[in-house]
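Asks: I am attaching a structure below and will ask some questions about it afterwards.
Coordinate-derived values only; no laboratory data. No experiment lies behind these values; they were computed from the predicted model shown. Backbone-built Cβ (ideal geometry, glycine too); neighbour counts: all protein chains shown.
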Amino acid sequence: MTEDINFPGGTRLLVMAAALVVVIWGVNLAQSALVSSLVAVFLAALGTPPVLWLEKKGLPSVPAVLAVLSGMVALMTVVGVFVGVSLSGFNASLPAYQQSIQDQAASISAALAAKGFAVTDKVLVEYLNPAAAMRYAAEALGGLGAAVSNAVLIMLTVMFILLEASGFPAKLRAVLGDPRQRFPEFTRFIGELRRYMLVKTALASGAGLLLGLWLAVLGVDSPVLWAFLAFLLLYIPHVGSIIAGIPAVCLTLVQYGPGRAALVAAGYVAVNFIIGNVVEPKLMGKKLSLSALVVFLSLIFWGRMLGLIGAVLCIPLTMALKFAFETHRSTRWLAVLLGPAAAVEDVPPAR
């Protein structure tokens with residue numbers, strides 16, 4: 001960077017803070033509509049590359065969009081049916097899991113009493129109840145289902161976004177006043193964001209498939225449900241892979257005991273380590289242009305504002321916000337604060 005970063009004055013900072021509060025309040029009120037819109041934009045971002053590829057092969061825009069949209073609908077229908085059946089089976093088995101937990105608590109209580117420790121079954125069931133984690137995971141998936149309940153509207157939105165995808169750059173060049181302008185920064189940002197979402201989706205799909213097969217081999221109930229949960233939560237940075245394994249490990253502990261639960265945990269650790277530390281760095285290339293603290297805080301913020309969808313898309317949303325700050329001189333200091341420490345080396349010291 002060759003230009004100084006101007007920090008706002010006190011009055012201007014207060015105005016920006018007040019505007020931020022109003023925006024957050026509005027986002028919170030419009031949560032349902034925003035979640036549906038974000039799901040549509042996410043699906044459109046994944047569908048844009050195959051649409052552009054089909055158009056390059058000579059297929060007209062409308063048939064290309066309809067072909068990609070049909071494939072997406074078919075895939076989501078198949079996945080939805082399998083996940084729905086698995087979720088229904090899990091909910092039907094909850095009473096049996098609860099009974100198994102009570103039996104295990106009684107045996108543990110008897111073993112502790114034989115050694116002189118007086119602990120009641122009720123205390124063990126209340127404080128060491130893995131069914132709570134499993135139930136929370138099922139409720140989170142139920143909330144996701146409610147978010148995409150208006151699937152027809154979402155898919156219509158995706159269709160119109162895909163129809164506009166090929167002509168959108170030309171519109172932006174016309175709006176900027178120079179039809180020959182290539183706006184390389186915007187193009188690079190869109191490319192990085194699309195690459196991140198495609199690579200992350202591919203890796204999450206592969207991890208979910210491997211974990212589902214591992215759970216099926218070990219005989220764990222509802223492997224499709226836990227595989228789909230892992231697919232969703234692996235989008236969440238840092239803590240997603242840890243949270244994804246908790247329900248499956250708890251269920252295995254209830255079904256088979258600590259031995260097989262340790263095998264399930266080992267499978268999650270192995271898959272997450274290989275993908276997060278070996279495969280993902282090679283496919284992603286350079287690190288995200290966000291600091292580790294900002295990534296963690298964005299997870300909390302977007303998750304609080306938009307629920308599971310906000311947590312899943314916290315990185316793309318924050319990357320878009322950072323790019324918006326970079327485009328204006330008055331807010332560029334905010335982009336520097338959101339970026340990694342290495343980017344600050346290019347900023348000249350204040351004089």
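Asks: In what sequence, highest mean first, do 222-231, 68-77 appear when ranked by Cβ atoms within 10 angstrom?
Replies: Highest-to-lowest ranking by the protection proxy: 222-231, 68-77.
Asks: Based on a Kirkwood Rh over C-alpha pairs, give the Stokes-Einstein translational diffusion coefficient of segment 217-296 at 10 °C and viscosity 1.306 mPa s in µm²/s.
Replies: 115
Asks: What order, most packed first, do the peptides 311-322, 196-207 have when packing is the mean number of other Cβ atoms within 10 Å of each residue?
Replies: My ranking of the peptides, most packed first, is 311-322, 196-207.
Asks: Then there's this: Starting with the highest mean, order 86-99, 244-257 by the number of other Cβ atoms within 10 Å, averaged over the residues of each peptide.
Replies: 244-257, 86-99
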